[in-house]
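The values are calculated or read from the model by the stated rules, or taken from the named source; none is laboratory data. Remember, predicted model here, so these are calculated numbers, not experimental data. Glycine gets a Cβ as well: all are built from the backbone with ideal geometry, and neighbour counts include every protein chain shown. What goes into the accessible areas is simple: the full protein's heavy atoms, side chains included, and nothing from ligands, DNA or RNA. Shrake-Rupley method; radii C 1.70, N 1.55, O 1.52, S 1.80 Å.
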Amino acid sequence: MSTPAIRRKDGWWAAFFLAPQLSFLLVFLVGPLFFALGLAFMKWDGLGAKSWIGFDNFSRLLHDGDFGRSVFNTMMLAVLTVPVGLLIALLLALTLQAIKGRTVYRVVYFLPVVTSSVAVGVIWQVILASGGTGVLNGTIQNLFGITPPDWLMSTEWVIVAIAVVTIWSSLGLNVVIFLAGLSTIPPNVLEAARIDGAGPWRMFRSIYVPMLSPTIFFCTVVSVISSFQAFDQIYVLVNPAHNEGARTIVYHVYEQGFRKFEFGLSSAAALILLVLTLLVTLVQFAAQKRLVQYDS
């Protein structure tokens, strides 16, 4: 059999084995994506006929105070969770690297990552509940005699409470990734720095951060995208319908589509979220050229 015939036969076999996965991708990802893209320029309640309205959905969103609040809260959540969460994860990874039995600690820190987000929300509801019923507030009142804020019902403090829960639940994943990155740093580089008299801060600033910059960049991109998509845990922890301080863009998409049945408006909000995520990611990749150092 000639070489072109063998290649043609291999191509048919490759197409045969890839067909189920490609069909699934086309039906459940690519198809709905283009459907939502077209729906963003239409008015549709999910049952009746669709009508083309152009950019009216986007105009409504830009003049909607609830959507503006959702965008602000989403950005604030990213600002609060990404830098703080990554810094804590990096410091924990550096600490775990220097102790024995770190495999056990990896498992302990990773447990919240594999725990159901609904279960996490319910647990933190008990911890952050107002008054003496909440574990945190009750402890603060008993020890210090002061009345802490109502974390879940206050419009000012709820985003802080959500940020704390988000950092806690995602900490284990970042710790494991940083531990993997630390294992790639050559021991002779660390030993040379110690011989030269580098202290902990100097080692952190001049060795660990530059050599972990690709890992930090990866975790930053993933964490930002994850914070932009926050919904289920927030919905269980604080129903944003009762506290506008907990509204996010994804909740606005859900509210417009599945509570008010304005699927065109919901798709337009989802498209804005997609564009916003792409823009922030592109900025991060542009900054990568100056901030990330790849070891040749």
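Of the helices (runs of 4 or more DSSP H) lying entirely inside the range 185-287, those carrying at least 3 residues that are among the polar types (S, T, N, Q) are 213-228. Only one of the numbered conditions (1) within 15 Å of Gly257 (Cβ to Cβ); (2) open to solvent by less than 50 Å² (accessible area, probe 1.4 Å) is not met by Phe41, and that is (1). When the range 169-228 is filtered for residues that are under 22 Å from Phe285 (Cβ atoms), free of Cβ contacts under 8 Å to residues at least 40 places away in the same chain and aliphatic (A, V, I, L, M), the ones remaining, listed by number, are Ala180, Val209, Val222. Screening the candidates Leu86, Leu33 for the property of being at pLDDT below 90 and under 22 Å from the mean Cα position of the chain (by Cα) yields one hit, Leu33.
Checking each residue in the range 241-252 for being over 17 Å from the mean Cα position of the chain (by Cα) and open to solvent by 30 Å² or more (accessible area, probe 1.4 Å) picks out Ala241, His242, Glu244.
Leu237 fails exactly one of the following numbered conditions: (1) under 18 Å from the mean Cα position of the chain (by Cα); (2) open to solvent by 20 Å² or more (accessible area, probe 1.4 Å); (3) not charged (D, E, K, R). What is the number of that condition? Leu237 satisfies all of (1) under 18 Å from the mean Cα position of the chain (by Cα); (2) open to solvent by 20 Å² or more (accessible area, probe 1.4 Å); (3) not charged (D, E, K, R) except (2).
Among the listed residues Leu143, Leu152, which satisfies the condition of being in a loop (DSSP other than H, G, I, E, B), more than 17 Å from the chain's Cα centre (by Cα) and over 30 Å from Val104 (Cβ atoms)? So that I can check it myself, show each step before the final result.
Details: Leu143 fails: in a loop (DSSP other than H, G, I, E, B).
Every option except Leu152 fails the conditions.
Is it true that some residue in the range 164-171 is surrounded by 15 or more Cβ atoms within 10 Å (Cβ to Cβ), among the β-branched types (Val, Ile, Thr), more than 30 Å from Gln293 (Cβ to Cβ) and touching a Pro at 6+ places or on another chain (Cβ under 7 Å)? Taking every residue of the range 164-171 in turn, none turns out to be surrounded by 15 or more Cβ atoms within 10 Å (Cβ to Cβ), among the β-branched types (Val, Ile, Thr), more than 30 Å from Gln293 (Cβ to Cβ) and touching a Pro at 6+ places or on another chain (Cβ under 7 Å). Inside the range 237-272, residues that are under 18 Å from Val224 (Cα atoms) and in contact with a strand residue (DSSP E or B) (Cβ under 9 Å, 6 or more places away or on another chain) make up a count of 0.
Examine the range 95-102 for a residue that is surrounded by fewer than 15 Cβ atoms within 10 Å (Cβ to Cβ), farther than 30 Å from Ile216 by Cα and modelled with pLDDT under 90, and state whether such a residue exists. Looking through the range 95-102, none of the residues is surrounded by fewer than 15 Cβ atoms within 10 Å (Cβ to Cβ), farther than 30 Å from Ile216 by Cα and modelled with pLDDT under 90.
For the range 158-184, which positions are assigned to a helix (DSSP H, G or I) and farther than 30 Å from Leu128 by Cα?
Our first condition is that a residue be assigned to a helix (DSSP H, G or I); within the range 158-184, this holds for 158-182.
Those that are assigned to a helix (DSSP H, G or I) and farther than 30 Å from Leu128 by Cα: Leu179, Ala180, Gly181, Leu182.
For Asp66, which of the numbered conditions (1) at pLDDT 90 or above; (2) among the acidic types (Asp, Glu); (3) closer than 13 Å to Phe263 by Cα fails to hold? With (1) at pLDDT 90 or above; (2) among the acidic types (Asp, Glu); (3) closer than 13 Å to Phe263 by Cα applied to Asp66, the lone miss is (3).
Against the definition (more than 29 Å from Phe41 (Cα to Cα) and touching a Pro at 6+ places or on another chain (Cβ under 8 Å)), how does Tyr294 come out, yes or no? Against the criterion (more than 29 Å from Phe41 (Cα to Cα) and touching a Pro at 6+ places or on another chain (Cβ under 8 Å)), Tyr294 qualifies.
Select, from Ala49, Ala119, the only residue that is part of a loop (DSSP other than H, G, I, E, B), surrounded by fewer than 17 Cβ atoms within 10 Å (Cβ to Cβ) and not polar (S, T, N, Q). Step through it out loud before you land on a result.
Working: Ala119 fails: part of a loop (DSSP other than H, G, I, E, B).
After applying the criteria, what remains is Ala49.
If you go through the range 1-29 and keep only what is at pLDDT 85 or above and either closer than 19 Å to Val253 by Cα or outside any helix (DSSP H, G or I) (or both), you end up with Phe28, Leu29.
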